[in-house]
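Let me begin by presenting the structure, written as structure tokens, before commenting on it.
The values are calculated or read from the model by the stated rules, or taken from the named source; none is laboratory data. Note that the structure is predicted; figures quoted are calculated from it, not measured. Using ideal geometry, Cβ is built from the backbone for each residue, glycine included, and neighbour counts are taken over all protein chains shown. What goes into the accessible areas is simple: the full protein's heavy atoms, side chains included, and nothing from ligands, DNA or RNA. Shrake-Rupley method; radii C 1.70, N 1.55, O 1.52, S 1.80 Å.
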Amino acid sequence: MRHTADSRKKKRRRRMSMSPPSPSSSSSRSSATAAAPCQWCCYSQSQSQQQLMLLLALALALLLPHLAVAGRMARIQSHLDRINKPALRSIRSVDGDTIDCVAAHQQHALDHPLLKGHTIQAEPTEMPASRRGLAAAADAKTGSSSRWGAWQTWHHGGHCPRGTVAVRRTTAADVLRAGSISRFGRKRRRKRSSVDAARAANAPDVISGNGHEHAIAYTAPSSSSQQPVYGAKATINVWDPAIQESNGFSLSQLWILSGSFNGSDLNSIEAGWQVSPELYGDSRPRLFTYWTTSSRIAIGASISPVSSPGGAQYDMTLLVWKDPKLGNWWLSYGDQLVGYWPAQLFTHLSDHATMVEWGGEVVDTRPGGVHTATQMGSGRFAAEGFGRASYFRNLETVDADNSLAEVPLDAIQTLAEDAACYDIRKAYDDDDDDGHSAGSGGGWGTHFYYGGPGHNPACP
């Protein structure tokens, strides 16, 4: 019995130990034991959210520039698709350019709002007649081994067929160098300075300011003696001047001007050669102007070969004139018609020009606080003369009878803002007795040498 009683007590103790706890004791223990895991869980979730947000912010910060770049490149590509017209043939030039042969009626120039429905003039109704019997011989460049005509590099790769326009293909890199689509291809505006305001009456398009410097010859306007001008002509030798700054340039060109010389309503036609790393991505001299209808000449294409100091001199002849019947302003390069500026584009030049300028221009951004070392022309001063200095020769204008007339030496003035940096010297000759090697049968007529090195001890 004792054993039985003890057994019953032990069984009761076992049953009591195995029975479920009371609600009060269970609640107390569970709250004590569950509190810590719950707090840890909430803390872990909060920390994870913060980390996720940080990761998302970091990813967004890294992604936004790429999205911006992608958006910009998409806009650039859209612009390129608009201006690079479908080509019937494409020619890869040895200098890296691609020349597209675009159907003349599809050329980008005709996208101008003033030219909607424009009928292309295939050729001028009349060429200017020369009054100088020697001019043709001088331009022919025969009888001389020291001066030859410069041409375009892409011609080594082929030519465009008739009925097409030769157009240098614009690339995304071209647009990116300009900084924006809106800036690409636009002529830089120059700020006029009060110091040079007095020159406005005589040389309206070369008022100094914003770092632009010149060495030019120009026809002096006079209310009594100046006759209306309907074109201009000159032969220019071609060089590859060194450009110091990536956004600098050096050009040699002719300007045909009419209108308000204070810049508010000035019509300007410009053509020549220029070196512009920002615009073209290299330091080659290139033919520049606007508007084209030629299958032989591409605006913006590089010119080769170029002149060398003491060696062969390569030059090009530019002629701009107004068609006496249709009013369009035509451009020829050597013996090739390049194209024309439609009369609809102009206000004052729809009638005639009042001034012509010939010469060089550079931009000086004063890198490092000193004058730029960007060269003008050959990079040598005018006094070094033929074979070393750059020149314009056989200056002529077109009169109301559509005839080329030699510009008298006393009818032009010269201007150089700082002759210690770039200078100009005009002269006249009608013989071949001064070492020009102008070719058989004619001299250089009214001409000038110009240019300079920019920064030097006298040009700090």
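Tabulated values for the structure
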quantity	calculated
Asp315 vs. criteria charged (D, E, K, R) and surrounded by fewer than 20 Cβ atoms within 10 Å (Cβ to Cβ)	no
Segment 318-358, residues that are of a type outside the set (S, T, N, Q), open to solvent by 30 Å² or more (accessible area, probe 1.4 Å) and under 28 Å from Asp423 (Cα atoms)	Gly334
Residue in segment 128-143 that is more than 28 Å from Pro86 (Cβ to Cβ), among the basic types (Lys, Arg) and modelled with pLDDT of 50 or more present	yes
The listed residue being of a type in the set (D, E, K, R), farther than 23 Å from Pro453 by Cα and either at pLDDT 95 or above or open to solvent by 30 Å² or more (accessible area, probe 1.4 Å) (or both), out of Asp423, Asp430	Asp430
Residues of segment 304-322 satisfying the condition of being part of a loop (DSSP other than H, G, I, E, B) and of a type in the set (Val, Ile, Thr)	Val306
Qualifying residues in segment 53-102 (those that are open to solvent by 90 Å² or more (accessible area, probe 1.4 Å), among the aliphatic types (A, V, I, L, M) and not in a helix (DSSP H, G or I)) - the one nearest to Thr164 (Cα to Cα)	Leu88
Selected residue (criterion: modelled with the highest pLDDT) from residues of segment 225-245 that are farther than 28 Å from Gly387 by Cβ and open to solvent by less than 10 Å² (accessible area, probe 1.4 Å)	Gly231
Among residues of segment 359-403, those that are open to solvent by less than 30 Å² (accessible area, probe 1.4 Å) and within 20 Å of the chain's Cα centre (by Cα), counted	10
